[in-house]
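Student: Can you keep this structure in mind? I'll have questions shortly.
The values are calculated or read from the model by the stated rules, or taken from the named source; none is laboratory data. All figures in this text were calculated on a predicted structure; none of them were measured in a lab. Here the Cβ is made from the backbone with ideal geometry for all residues, glycine too, and neighbour counts use every protein chain on show. Protein only, heavy atoms only, side chains kept; ligands, DNA and RNA dropped before computing areas. Shrake-Rupley method; radii C 1.70, N 1.55, O 1.52, S 1.80 Å.
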Amino acid sequence: MKKRSASIVGCAMAMVVAACAGAPKPATAPSTASAAARGEISLVPLPASLERASGGFTISDRTVLAVVTQDQAAQRVAQQLADLIRRSTGIAIPRNTDAGATGEGRIVLRLDEQQKTLGAEGYELTIGPQSLLLVAPTAAGLFYGVQTIRQLLPPASEYQAVYYDKPQPVALPALTIRDQPRYEWRGAMLDVARHFFTVEEVQRYVDLLALHKINRLHLHLADDQGWRIEIKKWPDLTTKGGTSEVGGTPGGFYTQAQYAQLVAYAADRFVTIVPEIDMPGHTNAALSSYAELNCSGTAPAPRFDTEVGYSSLCVDKEVTYRFIDDLVSEIAAMTPGAYFHAGGDEVKTLTPAQYKAFVERVQTIVQKHGKQMIGWDEIAATTLLPSSIVQHWRPDASKGEVARAPKLILSPADRAYVDMKYDEQTALGLKWASLISVQRAYDWDPARIVADAPAGAVLGVEAALWSETAAALRDVEFLAFPRLAAIAEIGWTPQERRSWGSFRQRLGAQGPRWTALGINFYHAPDIPWVR
Ligand code: TNX
């Protein structure tokens, strides 16, 4: 525990960071109890079941943390909880492995493989006067339980520079939560091609995804304007194709070492990175870096405008497939996740037969390197392997074709494209699909989007953020928050538990936490933001 001057301590105790930035201090004395302990429980996403009980549990300097598992991943989750408790209370909580130990109070984290009914990502959290018990069959389940506990702790604990001169006990409400996600795929797509975002920026985005129990980060790693991932056999992709971005400003790329670092960082937060190399279209950065990938044998000029549909790899040349084999091989080797996204959208220069033959050949290359292919919904017109996944995006895509897809991820552009403007006044964003208010992003049921798709075909949902208008991470945050939280709840919470009225209240209560995290979120006027 660090000692700091009285003013900084006072600032920390004021609970909300705004008070530290010169804003008026609250009239009432700052409470050491979290809002949750005062009776307000505002979790996003809403758990599958939650029962309140009377009273609560206080984390004090006499509380111990028992971690009942040898599993390495579960041990890391326990450390994450200990770090959160330290940030909330100033207490470095003592750890042991004895769940039976008595004391003033105990927190127990237990990995219990018998709890199979909780599924691969579920958990049970029981908070009573003497103890907080978190049980899950997997480390992922424990992680999601910890994210729930995190949202029960005071928002100020998200602020990195909070210091305490003495322990600040924190009270949590008594309750029982049994929780597991509706869908296995709760995704976010970030376009790092139109504008480049550094490893540190993407890691911050991963942190914000994990807080909302999102478990996939799909990275759009190449497009007309830039190639963002080092491929050792084709170095000009990045040395030439990675130098710029939309508007012609300096771009960038990830070395393979940086990409591996990002994958590991995400894995620690139970987020699987899904790499996308868009092909055969959206490839001007590759075509301008290597003349031989063009049918004409001549490299076109680099382009930094936002037109779509004009570029294509030369599908009739063998070198194209050697190129694809090389890049899938190198990316697959760095990707523990099961997926490789091959794009496939918006190709206006090929015949349907050329497109079909290309996608089917790419599919076998992806399979050869041990991955499942994902493609945008245009690939539904081809013959797909049972393992392949179609990402629905066009609201008017042929529902017949999409319904026949072996597996589906839903990103309907008029609901889940968080690069759309909120309303006509929004300075950032596009509007070709729709204006998307927070309510529009929230109020839809994935089960009704592709009505004829067989039950079980829908893996889940994904919020897509294309970055034509998002030049900086603060722009990304503005477009993503709060709509990403809406998509996160759609992916996690059972449909019958969800309602806009409840969501907007719980969302409003995230205001102080998001402020403490420094998120540049859109203060949508129809949300009752707590300040
Ligand atoms: C359509 S969605 C695209 C992207 C654009 C996006 C902008 C998709 C598969 N293709 O190339 O960036 O619209 O909203």
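Student: Quick check of the Kirkwood formula: for the stretch 214-295, what is the inverse mean of 1/r over all pairs of different Cα atoms, in Å?
Tutor: Details: mean 1/r = 0.0750 Å⁻¹.
Evaluated over the stretch 214-295, this radius sits at 13.3 Å.
Student: Please work out the C-alpha center-to-center distance from the stretch 394-418 to the stretch 211-263 and express it in whole Å.
Tutor: Here the two parts' Cα centres lie 26 Å apart.
Student: Now a separate question. Two decimals, Cα atoms only, Kirkwood Rh: what is Rg/Rh over the stretch 98-212? Each step should come with its number before you reach the end.
Tutor: Numbers: Rg = 17.3 Å, Rh = 16.6 Å.
Dividing the radius of gyration by the Kirkwood radius yields 1.04.
Student: Also, quick follow-up: Given a Förster distance of 35 angstrom, what is the FRET efficiency for Lys166 paired with Thr97, based on the Cβ-Cβ distance and rounded to 0.05?
Tutor: Result of the calculation: an efficiency of 0.75.
Student: Label points 7 Å out from Cα along the Cβ direction at Asn520 and Leu435: separation in nm?
Tutor: Calculated label separation equals 2.3 nm.
Student: Also, I was wondering about something else. Averaged across orientations, what area in nm² does the convex hull of the alpha carbons in the stretch 173-328 project?
Tutor: 11.3
Student: Using just the alpha carbons, could you tell me how many Å³ per residue the convex hull of the chain encloses? Numbers along the way, then the final one.
Tutor: Working: hull volume 80.1 nm³, N = 531.
Measuring per residue, one finds 151 Å³ for the Cα hull of the chain.
Student: Right, something else. Quick check on packing: order 407-418, 453-464 by the mean number of other C-beta atoms within 10 Å, highest mean leading.
Tutor: 407-418, 453-464
Student: So how do 134-145, 224-235, 359-370 stack up, highest first, on mean other-Cβ count within 10 Å?
Tutor: Top of the packing list down: 134-145, 224-235, 359-370.
Student: At 0.36 nm per residue, and after removing the present C-alpha to C-alpha distance, how many nm does the segment from Thr383 to Gln114 gain when stretched out fully?
Tutor: Extra length available between Thr383 and Gln114 comes to 92.8 nm.
Student: Subtract the Cα-Cα distance of Lys317 and Arg448 from 0.36 nm times their separation in residues, and report this length gain in nm to one decimal.
Tutor: Between Lys317 and Arg448, full extension yields 43.0 nm more.
Student: Would you calculate the separation in nanometres between label points at Tyr290 and Ser398, each defined as 7 Å from the Cα along the Cα-to-beta-carbon direction?
Tutor: So the label points at Tyr290 and Ser398 sit 3.1 nm apart.
Student: Work out from phi, with θ = phi - 60° and the Karplus expression 6.51 cos²θ - 1.76 cosθ + 1.60, the ³J(HN,Hα) of each residue of the stretch 294-302, listed in order in whole Hz, and give x for Gly and Pro.
Tutor: Listing the rounded values in order: 9, 4, 6, x, 10, 6, x, 5, x Hz.
Student: On a 0 to 90° scale, report how tilted helix 483-492 is relative to the longest principal axis of the chain, with both axes built from alpha carbons and the result rounded to the nearest 10.
Tutor: 80
Student: Considering the dipole of the chain built from charges on the beta carbon (Lys and Arg +1, Asp and Glu -1) around the Cα centre, which of Val402, Gln225, Thr148 is farthest to its positive end?
Tutor: Going by the Cα projections, it comes out as Thr148.
Student: Whole-Hz ³J(HN,Hα) for each residue in the stretch 421-433, computed from phi via Karplus 6.51 cos²θ - 1.76 cosθ + 1.60 with θ = phi - 60°, x for glycine and proline: what do you get?
Tutor: Calculated HN-Hα couplings, in order: 5, 6, 8, 4, 7, 4, 6, 9, x, 10, 9, 5, 8 Hz.
Student: Treating only the Cβ of Lys, Arg, Asp and Glu as charged (+1, +1, -1, -1), what charge dipole size does the chain show about its Cα centre? Round to the nearest 20 debye.
Tutor: 1660
Student: Still on this model: Looking at the chain, send over the antiparallel percent of its DSSP beta bridges, to the nearest 5.
Tutor: The antiparallel proportion sits near 30 percent.
Student: Work out, step by step, the length gained on full extension between Ala455 and Glu200: first 0.36 nm times the residue separation, then minus their alpha carbon distance; give nm to one decimal.
Tutor: Values: separation 255, 0.36 × 255 = 91.80 nm, distance 3.89 nm.
My answer for the length gained is 87.9 nm.
Student: Taking Rh as the Kirkwood radius computed over C-alpha pairs, what is the Stokes-Einstein D of the stretch 340-448 at 4 °C in a medium of viscosity 1.567 mPa s, expressed in µm² per second?
Tutor: The diffusion coefficient I find is 86 µm²/s.
Student: If you count only protein heavy atoms with a 1.4 Å probe, what accessible area per residue comes out for the chain, rounded to a whole Å²?
Tutor: Result: 38 Å² per residue.
Student: Here's another thing I want to ask about it. Ignoring ligands, DNA and RNA, what percent of the 1.4 Å accessible area of the chain is carbon and sulfur?
Tutor: 53
Student: At q = 0.13, 0.16, 0.32, 0.33 Å⁻¹, what base-10 log of I(q)/I(0) does the Debye formula yield for the stretch 230-277 when every alpha carbon is treated as an equal point scatterer in vacuo?
Tutor: Log10 I(q)/I(0), no solvent term: -0.39, -0.56, -1.11, -1.13.
Student: Right, next: What number in nm² do you get for the stretch 432-531 if you take the convex hull of its Cα atoms and divide its surface by four? List each step's numbers first, then the result.
Tutor: Working: hull surface 29.8 nm².
Orientation-averaged projected area of the Cα hull: 7.4 nm².
Student: Using +1 at the C-beta of Lys and Arg and -1 at the C-beta of Asp and Glu, which of Ala463, Leu125, Ala188 has the Cα lying farthest in the positive direction of the dipole of the chain?
Tutor: Checking the options against the dipole of the chain, the answer is Leu125.
Student: Right, another one. How much space per residue, in cubic angstrom, does the convex hull of the C-alpha atoms of the stretch 32-179 take up?
Tutor: 101
Student: Past the 19 angstrom mark, what percentage of all C-alpha to C-alpha distances in the stretch 303-365 do you count?
Tutor: When every Cα pair of the stretch 303-365 is considered, 39 percent fall beyond 19 Å.
Student: Now a separate question. Check Leu430: other-chain or 5+ apart residues with amide H under 5 Å from its amide H, H built from backbone geometry?
Tutor: Under 5 Å from the amide H of Leu430 lie the amide H atoms of Met420, Lys421, each far enough along the sequence or on another chain.
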